[in-house]
Amino acid sequence: MPTTTQHTQRILITLRRLGTGGIEQSTLTLANAMAAEGHEVHVLVLKGQPERLPDPDVTVHCRDLEKQQRRSVIGMSWHVLSRLILKPLLPGSGFVWQGLRCSQAFEAFVTESEAQYGHFDLILIRGQGAFELLWKFRDPRAWRIAEAVTGRFHGRLASWLTRCLYQRHKVLCVSHGVQVELHGYLQKNGAHVDDSRVIHNAIPLQRLKQLAMQPRRPEIQGPYIVHVGRLVPVKNQTLLLHAYAKARQWGLSLPLVIIGDGSQRRALQTLTDQLGIDNTVHFLGELENPYPWMADAEAFVLSSRFEGLGLVLIEALALGTQCVATVAPGGIQEVLVDEQRRLLATPDVDSLAAKLCEAVDTPVTVRPEWAERFSTPHIVKAFIDLIPSSQSR
């Protein structure tokens, strides 16, 4: 049942795909939370069909703007011209030519939707793919949400391409770390945005706690350390395994449970054999509900080279689990505050191994307010506050 609010706002959230990744999860959490507070929320998916759906109160639209543009003679001619001539002539510029027409089509979608549903008070565009497709779309109600500094261009066209993607747009960063990195990149390329602010991603605290109460499958006896994440290079599980092997040499007895899948899984399993830790490292693959594992763990560990915010750390804290993590660009140090900071490691084997041992020997007592800062009511309010009072219906 939606919560009654003083002013109901109509919000459009746009992203390229609605799959199972972190951006998609954050989008669904935000859309569901806004709808639960009584706002009218629309989600536009620009590619394919959603793999997961939001709550029934959220309206989902699927509009493949790229494919739509190729259905007309003019659109197909433009596609062929840009693909065969302009893109090779100006390397890296493919999104510019594609985005010119897709931005027009998106503007038409907004006009068409407003004729049916009414005026949108806030338009959010999320993720690299959507940024590129809609780079030409400008509207005072529109904000881009940046999880990282997307569109790092190189070569003689770098400044022009950067300006195309960011110039005169308003950008919301998911952490102060991302905001600092973005401003540095824009300054280097002679570009600027009209406005940039920080709004963190939200977590549904009560929903997480309910999911965490379900039984763990498969069952592993005794205490353990857990890691959850895609098995890809940026998550740097190679460092984690080397550090865990070193911690075992120093007396750590707890097994390591790894939840997730990805391109590095086979290589990581081979590495556990080489390090002689294959009997104490358990690869469980991707689980629909990893939260019982996170809630019951002695510690959660993250070894990423970059985290826009570190949503999985917030989830672990929300479930009362202390976190060990490596210092990295992004938002990790905004999430792990106060006493949790003593379990931050430098990104090397010995430091991470030492922090794993420290977490077991002298654990941190997790405080509820560390996760409550990221609860959905706080984050929804921050988004609604973006709407000027003079614009509210």
Among residues of the range 56-68, those that are without any contact (Cβ under 8 Å) to a residue 24 or more places away in the chain and crowded, with 18+ Cβ neighbours inside 10 Å, counted
0
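Determine which member of the set 231, 211, 240 is touching a Gly at 6+ places or on another chain (Cβ under 7 Å), closer than 23 Å to residue 309 by Cα and modelled with pLDDT of 95 or more.
Values: 211 fails: touching a Gly at 6+ places or on another chain (Cβ under 7 Å); 240 fails: touching a Gly at 6+ places or on another chain (Cβ under 7 Å).
Criteria check complete, one pass: 231.
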The range 40-55: number of residues that are buried (at least 18 other Cβ atoms within 10 Å of the Cβ) and either aliphatic (A, V, I, L, M) or not in a strand (DSSP E or B) (or both)
7
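When the residues of the range 236-255 are narrowed to those that are of a type in the set (Gly, Ala, Ser) and in a helix (DSSP H, G or I), which ends up farthest from residue 270 (Cα to Cα)?
Within the range 236-255, the first condition is being of a type in the set (Gly, Ala, Ser), and the residues that meet it are 243, 245, 247, 251, 253.
If we keep only those that are in a helix (DSSP H, G or I) as well, we get 243, 245, 247.
On the way: 243: 16, 245: 14, 247: 19 Å.
So the residue we want is 247.
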Please go through the range 69-109 and give me each residue that is of a type in the set (S, T, N, Q) and without any contact (Cβ under 8 Å) to a residue 60 or more places away in the chain, ordered by number.
69, 72, 77, 82, 98, 103, 104
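Would it be correct to say that residue 156 is surrounded by fewer than 17 Cβ atoms within 10 Å (Cβ to Cβ), outside the structural domain of residue 335 (by TED's automatic domain parsing), under 24 Å from the mean Cα position of the chain (by Cα) and within 27 Å of residue 95 (Cβ to Cβ)? It would help to see each step written out before you state the result.
Working: surrounded by fewer than 17 Cβ atoms within 10 Å (Cβ to Cβ): yes; outside the structural domain of residue 335 (by TED's automatic domain parsing): yes; under 24 Å from the mean Cα position of the chain (by Cα): no; within 27 Å of residue 95 (Cβ to Cβ): yes.
No.
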Looking at the range 18-28, which of its residues are surrounded by fewer than 23 Cβ atoms within 10 Å (Cβ to Cβ) and in contact with a helix residue (DSSP H, G or I) (Cβ under 7 Å, 6 or more places away or on another chain)?
22
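Restricting the search to the range 135-168, which residues are closer than 19 Å to residue 385 by Cβ and not aromatic (Phe, Trp, Tyr)?
Of everything in the range 135-168, those that are closer than 19 Å to residue 385 by Cβ and not aromatic (Phe, Trp, Tyr) turn out to be 139, 140, 141, 142, 144, 145, 146.
When the range 127-147 is examined, which residues are found to be among the aliphatic types (A, V, I, L, M) and buried (at least 22 other Cβ atoms within 10 Å of the Cβ)?
Restricting attention to the range 127-147, the residues satisfying the condition of being among the aliphatic types (A, V, I, L, M) are 130, 133-134, 142, 145-146.
Within the range 127-147, 130, 133, 134, 145, 146 qualify.
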Kindly check whether there is at least one residue in the range 5-13 that is assigned to a loop (DSSP other than H, G, I, E, B), of a type outside the set (S, T, N, Q) and either touching a residue at least 12 places away in the same chain (Cβ under 8 Å) or surrounded by 18 or more Cβ atoms within 10 Å (Cβ to Cβ) (or both).
yes
Looking only at the range 159-180, filter to residues that are assigned to a helix (DSSP H, G or I) and within 16 Å of the chain's Cα centre (by Cα); which one of those is surrounded by the most Cβ atoms within 10 Å (Cβ to Cβ)?
178
Positions within the range 356-373 being in contact with a helix residue (DSSP H, G or I) (Cβ under 8 Å, 6 or more places away or on another chain) and either assigned to a helix (DSSP H, G or I) or assigned by TED's automatic domain parsing to the domain that holds residue 33 (or both), in sequence order
356, 357, 358, 359, 370, 371, 372
Inside the range 194-228, can you point out the residues that are among the polar types (S, T, N, Q) and under 23 Å from residue 23 (Cβ atoms)?
196, 201, 206
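Hey, does the range 78-93 have a residue that's of a type in the set (D, E, K, R), within 33 Å of the chain's Cα centre (by Cα), more than 30 Å from residue 37 (Cβ to Cβ) and surrounded by fewer than 16 Cβ atoms within 10 Å (Cβ to Cβ)?
Our first condition is that a residue be of a type in the set (D, E, K, R); within the range 78-93, this holds for 83, 87.
Now restrict to residues that are within 33 Å of the chain's Cα centre (by Cα): 83, 87.
The next check asks that each one be more than 30 Å from residue 37 (Cβ to Cβ); those that pass are 83, 87.
Then drop every residue that is not surrounded by fewer than 16 Cβ atoms within 10 Å (Cβ to Cβ), which leaves 83.
Yes: the range 78-93 contains one or more residues that are of a type in the set (D, E, K, R), within 33 Å of the chain's Cα centre (by Cα), more than 30 Å from residue 37 (Cβ to Cβ) and surrounded by fewer than 16 Cβ atoms within 10 Å (Cβ to Cβ).
The values are calculated or read from the model by the stated rules, or taken from the named source; none is laboratory data. From a predicted model like this one, the values you see are computed outputs, not experimental measurements. FYI the Cβ positions are ideal-geometry reconstructions off the backbone, even for glycines, and counts take in every protein chain you see.
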